[in-house]
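The values are calculated or read from the model by the stated rules, or taken from the named source; none is laboratory data. Predicted model, so just to flag it, every value in this text is computed and none were measured. Neighbour counts are summed over all protein chains in view; Cβ atoms, including those assigned to glycine, are modelled from backbone coordinates with ideal geometry.
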């Protein structure tokens with residue numbers, strides 16, 4: 001049994017004031033794996049105080065200083081990249097291919113922030129005025145358990161590039177991953193207090209960050225329900241907020257799409273990170289004229305999807321993170337059947353040959369309408385809903401008929417797919433594939449969030465413009 005009983009405040013690993021514990025379970029074996037001692041509100045206040053003191057020194061730092069810090073953080077992460085991947089696989093069952101790619105983005109986040117920082121126009125003219133971009137202050141960073149370290153790195157990198165300091169509340173379900181990352185960041189030997197990492201519950205540590213007058217901004221990634229609560233709490237002190245929330249992303253296959261490419265892509269988009277991804281393409285919109293063809297292709301393709309040991313490179317889908325999440329996904333599978341959808345593949349229970357672990361069968365529902373709950377609510381598991389449409393206008397209407405607007409996908413001939421993509425209401429729309437562009441803004445429309453991360457837009461979310469207007473000094477008559 002691993003025990004994690006340290007948090008990170010003011011450049012030191014310290015025992016938390018909090019005494020409550022949480023036991024984490026290995027999602028593959030269903031056996032206890034880690035005991036975490038949780039931080040409390042006193043710990044959060046200590047971290048805020050450390051970040052506040054450090055901010056007074058750091059806010060006027062040069063871009064060269066910030067760049068050197070970002071370089072050191074990147075190098076420290078690269079030095080233990082393999083351990084970070086292993087922790088991600090072991091703690092929540094992230095498939096090896098996904099975990100490796102995710103950890104690669106951890107180190108890259110610091111390099112991208114450095115690039116954007118150097119390219120930003122920190123001083124601009126507006127008529128007679130001089131406008132300078134100023135750091136906000138202490139940033140509260142709250143991250144989820146799926147790809148936890150990637151979220152921590154990308155948010156922290158932008159805060160430091162902006163000249164702000166940070167208090168980070170990672171998910172308590174990611175304590176092991178956070179421990180390894182914190183050791184990496186500590187090895188970079190930055191001045192104390194620039195970042196502080198406090199693992200605790202959201203309604204304790206997270207609530208303290210949201211309520212504190214000394215926190216200028218909250219950057220949160222997680223569920224829409226929690227994001228709304230943060231926005232309400234932040235209003236009391238008029239904190240700035242960046243909220244990257246849930247999704248129910250449409251994947252539109254046009255009637256001229258190459259199904260030999262588009263169908264395997266559709267499954268990879270739906271099942272990325274074992275389906276535990278806010279950007280997963282979980283609504284597959286198929287032209288009615290090609291619906292039977294699509295069903296046959298999906299059944300054939302899903303037969304090649306491998307569920308099991310996340311440490312194996314051949315595994316596509318690992319376990320759900322907890323028993324609670326496993327039960328949630330099973331509940332939605334039962335709901336899909338009750339709503340009248342046709343089970344095309346998968347279904348209830350574990351895949352054949354797996355008698356333990358939080359494993360879900362790769363599931364596909366056909367004959368789904370966009371009014372069904374399985375088409376409207378974020379399941380966060382490997383469950384794909386196939387929805388038929390009639391014509392491009394109908395496809396766009398269905399794609400946009402959702403409370404969410406985080407990401408979308410369109411496959412078809414290039415010009416036509418681009419026209420359809422331009423009509424979809426989402427923060428990011430990918431045409432004929434999914435591509436990595438870390439310098440482009442990421443965030444959602446509607447209930448998928450507020451603000452943007454990454455690139456210039458992401459850095460500016462950590463800054464405030466300040467206007468200075470100078471006139472001529474009046475002459476003094478002797």
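A few comments on the model shown:
- Unique residue being within 24 Å of residue 159 (Cβ to Cβ), touching a residue at least 24 places away in the same chain (Cβ under 8 Å) and either part of a helix (DSSP H, G or I) or out of contact with any strand residue (DSSP E or B) (no Cβ under 9 Å at 6 or more places or on another chain) (or both) when the list is 97, 108: 108
- Given (1) within 20 Å of residue 104 (Cα to Cα); (2) part of a helix (DSSP H, G or I); (3) touching a strand residue (DSSP E or B) at 6+ places or on another chain (Cβ under 6 Å), number of the condition residue 157 does not satisfy: (3)
- Elements of type strands (runs of 3 or more DSSP E) in the range 368-478, at least 1 residues being in contact with a helix residue (DSSP H, G or I) (Cβ under 7 Å, 6 or more places away or on another chain) and closer than 19 Å to residue 285 by Cα: 383-389, 407-411, 428-431
- The residues of the range 307-326 that are farther than 17 Å from residue 374 by Cβ and buried (at least 16 other Cβ atoms within 10 Å of the Cβ), listed by number, are 307, 308, 309, 310, 311, 315, 316, 317, 318, 319, 321, 322.
- Residues of the range 213-238 satisfying the condition of being crowded, with 19+ Cβ neighbours inside 10 Å, in contact (Cβ under 8 Å) with a residue 40 or more places away in the chain and closer than 14 Å to residue 139 by Cβ: 215, 216, 217, 218, 219, 220, 221, 230
- Residue identified as more than 16 Å from residue 271 (Cα to Cα), surrounded by 17 or more Cβ atoms within 10 Å (Cβ to Cβ) and modelled with pLDDT of 95 or more among 356, 373, 296, 290: 290
- Test: residue 49 is surrounded by fewer than 23 Cβ atoms within 10 Å (Cβ to Cβ), over 23 Å from the mean Cα position of the chain (by Cα), in a helix (DSSP H, G or I) and at pLDDT 95 or above: yes
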